[in-house]
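Each remark here refers to the structure printed beneath this line.
Derivation of every value follows stated rules applied to the coordinates shown; laboratory data play no part. Since this is a predicted model, take the numbers as computed values, not measurements. Cβ atoms come from the backbone with ideal geometry, glycine included; neighbour counts cover every protein chain shown.
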Amino acid sequence: MATKKQKLERNVSIKNRRATFDYEIIERYTSGLVLVGSEIKSIRLGKAGLVDSYCFFINDELWIKGMYIAEYFYATYNNHKERRDRKLLLSKRELGKLKNAVKTPGITIIPIKLFINERGYAKLEIGVARGKKLFDKRASIKEREDKRAMDRAFKR
């Protein structure tokens with residue numbers, strides 16, 4: 001029988017790959033999530049997605065909209081909705097910093113990575129981001145291709 005630590009070693013890490021391509025990440029925060037039982041079970045199975053999701057404020061509370069968590073197969077009639085809004089858990093100081101940052105035009109809060117920490121809790125890494133222009137995206141692609149070419153040249 002597997003011990004508790006061995007069970008938790010199966011780390012789940014769901015990344016938003018478009019985030020670093022479409023946005024320039026200025027600052028990163030790690031927040032908790034308010035979830036129901038069937039949601040955390042789906043996350044532990046790796047059935048979640050961060051594509052087209054974003055964060056917004058309602059009454060000094062930070063919420064995430066559009067995050068996909070698949071319905072848990074073994075749940076009863078009391079299963080969760082796949083794309084419901086979920087509350088994020090941050091300290092008051094962090095919420096104040098984020099609220100001031102969002103007031104600046106062109107700045108948004110996006111999810112970067114969803115993971116299970118060593119204690120077994122679901123955590124969401126969010127970032128204060130500024131959208132990239134087309135020429136910035138081209139520069140990122142060129143930089144990535146140059147890095148790959150350098151790695152290939154050194155391996156030979």
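Where is the GNM fluctuation largest for the chain (alpha-carbon springs, 10 angstrom cutoff): 97, 113, 132?
For the chain, modelled as a Gaussian network with Cα springs under 10 Å, the answer is 97.
Pick from 51, 36, 12 the residue whose mean-square fluctuation is largest in a GNM of the chain, springs joining Cα atoms under 10 Å.
36
Under the rule of -39500 (n - 2.57) per DSSP H run of 4 or more residues, summed and divided by the residues of the chain, what mean residue ellipticity at 222 nm is obtained, to the nearest 500 deg cm²/dmol?
So the helix-based figure for the chain works out to -10000 deg cm²/dmol.
Magnitude of the Cβ-charge dipole of the chain, K/R +1 and D/E -1, about the Cα centre, nearest 20 debye?
About 460 debye.
Find which of 40, 117, 88 sits farthest along the positive direction of the dipole of region 36-156, computed with +1 on the beta-carbon of Lys and Arg, -1 on that of Asp and Glu, about the Cα centre.
117
Report the Cα centroid-to-centroid distance between region 82-100 and region 63-78 in angstrom, as an integer.
20 Å
Given a cut-off of under 8 Å on Cα pairs at least six residues apart, what relative contact order in percent is computed for the chain?
31 percent
Could you state, as a whole-number percent, how many of the C-alpha pairs of the chain are farther apart than 24 Å?
44 percent
Pick from 30, 20, 76 the residue whose mean-square fluctuation is largest in a GNM of the chain, springs joining Cα atoms under 10 Å.
76
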